[in-house]
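The values are calculated or read from the model by the stated rules, or taken from the named source; none is laboratory data. If you're wondering where the values come from, they're calculated on a predicted model, not measured in any experiment. Surface areas here come from the heavy atoms of the whole protein model, side chains and all, with no ligands, DNA or RNA. Shrake-Rupley method; radii C 1.70, N 1.55, O 1.52, S 1.80 Å.
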Amino acid sequence: MVTAAVLYYLFYTQWMRDPETPSDVVLEMLQRYFIFYIIFNAVTSTLLILKRFPAVLVQWVVFTVGLVDGLLLAGLTAETGGFSSSLFWVFPGLIVLNALSIPLATPQIVLNLSLSVFYVGRGW
């Protein structure tokens, strides 16, 4: 349902204000990235459900999915106001989800620090 809501707001609402503003550039980039995001998640979830990955590779697939989620969230945060965006509260939730999904400490820490850098970078 969240994916459908993001799809609606990215493609069917009129976020475009003035032509060729930095916000328009971010929106266009988000629209292209979101198409990649949907395809990537569909492929990885299908392969995980069908158990086509070796057990060792599953951890890295989950790490990559968490990284892709963080990049999308960072882009949405930039489009909705940076540090004043209410999407700030999704970042801690994503960090908790990653902590529950990745049992080893090193990839978990690297991913969660990357998410923090994404948020700070998009806030500025």
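Helix check for the chain. Which DSSP H runs span at least 24 Å along their own axis by Cα, with a mean Kyte-Doolittle hydropathy no less than -1.0?
Span-like helices in the chain: 22-49, 55-79, 105-123.
Per residue, how big is the convex hull of the chain when only Cα atoms are used? Give it in Å³.
Dividing the Cα hull volume of the chain by its residues yields 106 Å³.
Give me the percent relative contact order of the chain, please, defined on Cα pairs under 8 angstrom at least 6 residues apart.
25 percent
State the percentage of accessible surface on the chain attributable to carbon and sulfur atoms; use a 1.4 Å probe and exclude ligands, DNA and RNA.
71 percent
Keeping all protein chains in place, calculate the accessible area per residue for the chain (probe 1.4 angstrom), answer in Å².
Accessible area per residue: 64 Å².
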